[in-house]
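See below for the structure under consideration.
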Amino acid sequence: MLKIVVCVSGGGTNLQAIMDAIKSGKITNTELIAVISNNPGVKALERAKNFGVPGICMSPKDYASRAEFNDAFTAKMCELAPDLVVLAGFLVKIPEQMVSKFSGRIVNIHPSLIPSFCGVGYYGLKVHEKALERGVKVTGATVHFVNEGMDEGPIIAQKAVEVLDGDTPEILQRRVMEQAEWILLPQAIDDVANGRIKIVDGHVRRA
Ligand code: GRF
């Protein structure tokens, strides 16, 4: 059984897609043991509660320094000891100490086709604003392993989504979620849970 912790910051629709997939059997061999949010009172924590899984709130704002938060966050994750950490719209940079402790065991969903529209400053709606500003005709989503860089780890899966005339950032965000994110992330978790992917020379290969 793959034990997973999902980290969230807001609405938690990706978290919901994971929970739905666990319930329906699209994700097998997986147990969601906790949800961590850096924001109190978000919908994602309500979703966790409804699913009957502990929701934990840990915000950098509650600590005297980022270093203290990083230590506490890493310690909490070590205490929970998941086999896989899933970042599903989590807007906090993962501390390097945690990346090295959970090397190859943290995955993130990013709402663009990496390496486009990613890295520092590209989060949430901003990603879609930038894609529309640039006038791309195709965007999408990427699931990747997390390393010390920002959106730089080995890519697990990507899915393209069309950009349409008249799109606003909100409309495009919704389409990318529906057509890519909510499909890719549960699939990737199921792949990890069932040993279908491995990292070879820094690249993800299907086993
Ligand atoms: C998603 O688009 C995710 O890729 C991103 O932030 C959004 C989070 O949405 N980085 P939700 O909280 O899963 O609804």
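The values are calculated or read from the model by the stated rules, or taken from the named source; none is laboratory data. Just so it is clear, the structure is predicted and the values come from calculations on it, not from any experiment. Virtual Cβ from ideal backbone geometry, glycine too; neighbours counted across all protein chains shown. These area figures cover heavy atoms from the full protein model, side chains too; ligands, DNA and RNA do not enter into them. Shrake-Rupley method; radii C 1.70, N 1.55, O 1.52, S 1.80 Å.
With a simple spin-label model that places each label point 7 Å from the Cα along the Cα-to-Cβ direction, the separation between ILE199 and GLU178 comes to 3.5 nm.
Can you give the extra length, in nm with one decimal, that the chain gains between VAL136 and LYS26 once fully stretched, where that is 0.36 nm per residue apart less the Cα-Cα distance?
36.4 nm
Amide H neighbours of ILE156 under 5 Å, counting only residues 5+ apart in sequence or on other chains, H built in-plane at 1.01 Å? Amide H to amide H, under 5 Å and 5 or more residues apart or across chains, ILE156 pairs with VAL143, HIS144, PHE145. Looking at the chain, the accessible area is 48 square angstrom per residue; that uses a 1.4 Å probe and ignores ligands, DNA and RNA.
Where the accessible area of the chain is counted over protein heavy atoms with a 1.4 Å probe, how much of it, in %, is carbon and sulfur?
50
Once the Kirkwood radius over Cα pairs is known for segment 2-199, the Stokes-Einstein relation at 4 °C and 1.567 mPa s delivers a diffusion coefficient of 76 µm²/s. For segment 25-113, the Cα-based Rg and Dmax, in that order, read 13.5, 43 Å. For the residue pairs LYS76/LYS101; LYS3/LYS43; LYS23/LYS101; LYS3/LYS101, the alpha carbons lie more than 19 Å apart in LYS3/LYS43; LYS23/LYS101. A simple spin-label model places the labels of GLU170 and TYR63 3.5 nm from each other, with each point 7 Å out along Cα-to-Cβ.
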